[in-house]
Amino acid sequence: MSDVSLDAATFFKRAGKIFSAWEKPADDEAELKDLTALQVLMGEPSDESATYTKTSSLQTWLLGYEFPSTLMLFTRSPNKVTFVCSSSKAKILRQLEGKGDVEIDIRVRGKDEASAQVIPDLVLSLGDGTVGTLPKDKPQGKLVDEWNQAVTSSKAGLHSLDMANVVSGLLSEKDGEEMRQMILSSRLTSTAMIHYFKPKMESVVDRGTKVPHSTFTAMIEEKIGNDEKGADMKLWNKNAQLGEVDFTSTEWVYSPIIQSGGKYDLRVSAVSDEGNLKPGVILASLGLRYKSYCSAMARTFMINPHRDQEKNYSTLLAAREEAIKLLKAGAVVKDVYNAVTAFVQGKSSTLGDAFVKNIGFATGIEFRDSNFLLGPKNGKTLKENMTVILSLGFAELPHPKKQGQSYSLLLTDTVKIGQEVSTVLTDGCTKLKDVVMELDEEEEEEVKPKAPKKPEAKTNGKSPAKARAPVAVGGRSISSKTRGAKREQVEQTTAEKIKTNQDRLHKQRHDDGLKKWAQGGAGKGGGENKVVKRYESYRREEQLPRAVEDRRVHVDEQRSTVILPIYGYAVPFHISTIKNVTKTEEAEHIVLRINFQSPGQIAGKKEDMPFEDPDATFIRSASFRSEDQRHMLKVYDAITALKKAATKRDAERKEMADVIEQEKLIEIKGRHPYVLKNVFPRPAPEGKKSDGNLEIHTNGIRFRPDGPGSKIDVLFSNVKHLFFQPSEKELIVIIHFHLKAPIMLGKKKTSDVQFYREVTDMSFDETGGKKRRARYGDEDEIEQEQEDRRRRQELDKNFSDFARRIEQAAQSQQYELEVDMPFRELGFSGVPHRSNVLLLPTTNCLVHLSEYPFTVVTLGEVEIVHLERVAFGLKNFDMVFVLNDFKKPPIHINSIPVAHLDNVKEWLDSCDVPLSEGPVNLSWNAIMKTVNEDPYQFYEDGGWTFLTGGDESGESESEEGSEFEADSEVFEESSGSDESGSDFDEGDDSDESGSFEDDESGEDWDELERKAKKSDEKHHAGGGGDSSDDGRKKKKGGRR
């Protein structure tokens, strides 16, 4: 405690307040009148003693710290404070000597004989007087025993008087500094309730996750930090009013209390049990202490409440408003309680009987002042700048839905008493709309019948669509009784199978879109988020370079500015105001034309640059003609280079805008972490392939390279998807993390981090060994294959087990993370970037993880999927994923073989993703620009129906029976009409011309197919026809 510094000014100010009350006691301080001395005796610290006592509160109020085994004795004539303590504490207390108008007497209590007489001499000096004490605190220790023995053995008749009421009154009124700490404490409490507990509770209930009350309590307690990790600043930064908070001076008044499931206790001494958080009525109570000052807040949340419950909560809210009106300086406590009770009784006698027995207590350094309860027996008067905990509630009300069960309601706040109006310091989250959460029970019932199908596909490794098809066909075969009906079933197309579900999905998307954008301005204009950037090249004229004195065009690269001579003045233009520069060389002259950014230009995609006042007068361009060709060419090159550099900087800044800096990884303590050895990261941080170990820690995973490379940390809070891909038909086995927000690996931004191991890195070659020479034949090759297969299985098992451990570690920290595996049998080839790769569906995504760059499409974020170039005769089609976030560009996967078309449709339909198709490629930049300008109007005008409006003809053409009978001229007409039928297909001439070339080649192929089909039907030789088709296809390919 050698570094402890006491605030002498605060001590003497507050000690003076005690002596002033002693000199002229008020009505509630009458006990001071005949008092000889006021004793404040703190014993030795003990775990059994109460956390908050009047003695510790008074010491903290005066000195800022608690001093165990210390006696403070206040006496008058003259005003004097005597300290009896150890030598180490005496050194600290001597900071008070000679700094105020109150005499300070410090007496050291040691082990020598002289020190043994300190307490008896002090008792003897008090004579036959009366000493004010705090007996309810029940101090213990050697100092206490010495005092009691000295009083007992003293011949003087020393009397004691309980001063708890007087101390309570002294501590109740807060000065300016105390009130600042109370406000900060209250803001911390309300921030934890509003910005953490409420959204976290809603997420847990919405997902149906089983989280025990005690676990939830521990999660909340971690937010202010502990010895192992700091405070969660991501949470506290959400409240801008908090400012600079010293979290080392922050602690919980009591462990957060969370109650649900029909068992409720409205007392502050309640504890969270081991039961799981359940929907219904949920009570949450939080209390924080900041720099010794306490605050508390409790709220009631209701999930799918009954009307009676909402009505009772509204009554409680009205009672709270009534109590806040009555709580003001001069009001008598019991009158306030009786008035609030009468208000509730007037609303309902049932609620009146269930109303709490007191409505709170005074608070401050001591959390619950038992001498100042807000109850029917307290005749004390409220004073300005007091702070109280106002706690209103109804206990054990009969549940309107569940007979034999009860529920409770609770509202608690920290309130500052004012002269006319009181102020709620923990306001927020009280209105009915803030505490009621409605879960759509009908949707849950609709989803339940479908639930067995999707897990069945996941466990068996089969497509959900494939699992559905037999059920659908089987269902119809039972109802169909004629041969013709069965034949129609077989000829039923994929489009007809999925039509009912797709109609429902499209209608649901349209209704959801109208509901989402009904508020209007949330997504309007697309340009509301654009900010007018201000640039300042020079603050003063003296900052201009000297070269401008030559009155020539000058480029100041340091300030990114071009200085132009206009009417004899040097006029600076920041490079961001310049669009481009052109040069025209004449016989002996050169003309430099500088074009500026201005509204109304036809500039394509970049035309939407924001301007502060688009109606102002703008300079479109400035031309300069000079004979000094060398200088003008130098200026031209400098401006071009400067513009390129500025454009590059803006692109990099925009690229890095969504990159986050992750929280600190908390390494696991007490045991070694689970490790996966000899894995390689991708992308590599330094661009070099290096192996290392992957470790699971408390809140994330860490990759430790074996060499000098940098570590890679991935936190569970930033993981969106976790994939495990086995080595089946692959050369590597993979654990892949798809992140919510991108991070920096080295100098690269990435949203995916992968750890893999090559399955061939453990194989070895025995070609030149003795073993090879001793044996010949295929035995060694068979043995090698068996060994390779065994090692593949071992690697798959190790990686799978490690992925499951990651899942368990994340779920233990309450992160909803599950391992997802690709379904290889549902895979199809396509081009998501530049190369043709195998794309694999998973339960929630479409992925390609084997090669870089990776592809991960989350189906839950997809608004609609549009299939392009779906037309008779074409060999490939394209797939476009339009995302829910219209600001993000659609994801394109091109050149998917048409043989996978039906499988893709069935898979998307089984995942409840609406889809559409069309014969041409659309201009998605123009489409998304139209959508973003006014999303609500877009849905009002029909939404995505323009994609599905022309599908009927396309579906009829793709039906069996008419597929090979369509004439080539018919296809040319349909493709030509589709080309002009869309409003968004401008600028795609290259794609359209390419599709027509494919159409013409496909036309010849149709004729060959038709001939082959007739030949097959005639000779009943389907197999031979297929081989001849293959031969023709190869021949035709060679001709091309």
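The values are calculated or read from the model by the stated rules, or taken from the named source; none is laboratory data. The shown structure was predicted, so the numbers you read here are calculated from the model rather than taken from an experiment. Here Cβ is always computed from backbone atoms with ideal geometry, including for glycine, and neighbour counts include all displayed protein chains. Calculation scope for accessible area: heavy atoms of the full protein, side chains included, ligands and nucleic acids excluded. Shrake-Rupley method; radii C 1.70, N 1.55, O 1.52, S 1.80 Å.
Residue-level check: of (1) in a strand (DSSP E or B); (2) surrounded by fewer than 15 Cβ atoms within 10 Å (Cβ to Cβ); (3) in contact with a helix residue (DSSP H, G or I) (Cβ under 7 Å, 6 or more places away or on another chain), residue 99 misses just (1). Assess whether residue 249 counts as being open to solvent by 10 Å² or more (accessible area, probe 1.4 Å), modelled with pLDDT of 95 or more and not aromatic (Phe, Trp, Tyr). Against the criterion (open to solvent by 10 Å² or more (accessible area, probe 1.4 Å), modelled with pLDDT of 95 or more and not aromatic (Phe, Trp, Tyr)), residue 249 does not qualify. Note on region 881-934: residues that are over 23 Å from residue 499 (Cβ atoms) and part of a helix (DSSP H, G or I) amount to 10.
Taken over region 640-666, the criterion of being at pLDDT below 85, open to solvent by 50 Å² or more (accessible area, probe 1.4 Å) and not in a helix (DSSP H, G or I) is satisfied by 656, 657, 658, 660, 661, 663. Filtering region 185-206 to residues that are hydrophobic (A, V, I, L, M, F, W, C) and open to solvent by less than 30 Å² (accessible area, probe 1.4 Å) leaves 188, 192, 193, 197, 201, 204, 205. The lone criterion from (1) open to solvent by 60 Å² or more (accessible area, probe 1.4 Å); (2) part of a loop (DSSP other than H, G, I, E, B) left unmet by residue 209 is number (1). For region 728-757, a residue qualifies if it is at pLDDT below 90 and closer than 17 Å to residue 678 by Cα, and exactly one does: 731. Scanning region 715-731 for residues that are in contact with a Phe, Trp or Tyr (Cβ under 7 Å, 6 or more places away or on another chain) and crowded, with 22+ Cβ neighbours inside 10 Å gives 716, 724. Taken across region 801-817, residues that are under 30 Å from residue 210 (Cβ atoms), surrounded by fewer than 21 Cβ atoms within 10 Å (Cβ to Cβ), under 23 Å from the mean Cα position of the chain (by Cα) and not assigned by the TED database to the domain that holds residue 689 do not occur at all. Scanning region 215-235 for residues that are part of a helix (DSSP H, G or I) and of a type outside the set (A, V, I, L, M, F, W, C) yields 215, 217, 221, 222, 223, 234.
State all residues of region 139-181 that are under 29 Å from residue 115 (Cβ atoms) and in a loop (DSSP other than H, G, I, E, B); if no residue qualifies, say none. Passing the criteria: 139, 140, 141, 154, 155, 156, 157, 158, 163.
If we keep just the residues of region 416-436 that are touching an Asp or Glu at 6+ places or on another chain (Cβ under 9 Å) and more than 25 Å from residue 174 (Cβ to Cβ), which is surrounded by the most Cβ atoms within 10 Å (Cβ to Cβ)? Only one residue fits best here, namely 436.
One residue stands out in region 670-683 among those that are in contact (Cβ under 8 Å) with a residue 24 or more places away in the chain and part of a loop (DSSP other than H, G, I, E, B): the one that is nearest to residue 739 (Cα to Cα), namely 683. Taking the numbered list (1) at pLDDT 95 or above; (2) in a loop (DSSP other than H, G, I, E, B) in turn, residue 392 passes all entries but (2). For region 124-138, residues that are acidic (Asp, Glu) and either open to solvent by less than 90 Å² (accessible area, probe 1.4 Å) or part of a helix (DSSP H, G or I) (or both) total 1. Is there a residue being basic (Lys, Arg) and surrounded by fewer than 20 Cβ atoms within 10 Å (Cβ to Cβ) anywhere in region 857-872? No, region 857-872 has no match at all.
Residue by residue, here is whether (1) among the small types (Gly, Ala, Ser); (2) modelled with pLDDT under 85 holds:
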{"site": "470", "(1), (2)": "no, yes"}
{"site": "495", "(1), (2)": "yes, yes"}
{"site": "514", "(1), (2)": "no, no"}
{"site": "523", "(1), (2)": "yes, yes"}
{"site": "541", "(1), (2)": "no, yes"}
{"site": "554", "(1), (2)": "no, no"}
{"site": "564", "(1), (2)": "no, no"}
{"site": "572", "(1), (2)": "no, no"}
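If you go through region 700-714 and pick out every residue that is part of a loop (DSSP other than H, G, I, E, B) and crowded, with 20+ Cβ neighbours inside 10 Å, you end up with 0. Test residue 260 against the criterion of being hydroxyl-bearing (Ser, Thr, Tyr), buried (at least 18 other Cβ atoms within 10 Å of the Cβ), under 22 Å from residue 385 (Cβ atoms) and at pLDDT below 95, and give yes or no. For residue 260, the condition - hydroxyl-bearing (Ser, Thr, Tyr), buried (at least 18 other Cβ atoms within 10 Å of the Cβ), under 22 Å from residue 385 (Cβ atoms) and at pLDDT below 95 - is not met.
A single entry from 325, 377, 291 fulfils the requirement of being under 25 Å from residue 179 (Cα atoms), basic (Lys, Arg) and exposed (fewer than 15 other Cβ atoms within 10 Å of the Cβ): 325. Contact map, region 330-345: first residue touching a residue at least 40 places away in the same chain (Cβ under 8 Å), second residue assigned to a strand (DSSP E or B), Cβ cut-off under 6 Å, separation 6 or more or different chains; pairs are 332/381.
Checked against (1) open to solvent by 40 Å² or more (accessible area, probe 1.4 Å); (2) at pLDDT 80 or above; (3) part of a helix (DSSP H, G or I), residue 618 passes all but a single condition, namely (3). Within region 306-316, the residues that satisfy the criterion of being open to solvent by 40 Å² or more (accessible area, probe 1.4 Å) and outside any loop (DSSP other than H, G, I, E, B) are 307, 308, 310, 311, 314. Apart from one condition, residue 110 fits all of (1) assigned to a loop (DSSP other than H, G, I, E, B); (2) open to solvent by 80 Å² or more (accessible area, probe 1.4 Å); the exception is (2). Of the residues 343, 301, which single one is in a strand (DSSP E or B) and aromatic (Phe, Trp, Tyr)? Just one listed residue meets the conditions, 301. The set of residues from region 57-95 being part of a helix (DSSP H, G or I), open to solvent by less than 20 Å² (accessible area, probe 1.4 Å) and without any contact (Cβ under 8 Å) to a residue 60 or more places away in the chain comprises 59, 62, 63, 90. Against the criterion of being of a type outside the set (Lys, Arg) and either within 21 Å of residue 944 (Cβ to Cβ) or modelled with pLDDT under 90 (or both), residue 874 does not qualify. For region 902-919, the set of residues classified as open to solvent by 20 Å² or more (accessible area, probe 1.4 Å) and either closer than 23 Å to residue 836 by Cα or among the hydroxyl-bearing types (Ser, Thr, Tyr) (or both) consists of 902, 903, 906, 917, 919, listed by residue number.
Residues in region 574-591 that are open to solvent by 80 Å² or more (accessible area, probe 1.4 Å) and aliphatic (A, V, I, L, M): 587 alone.
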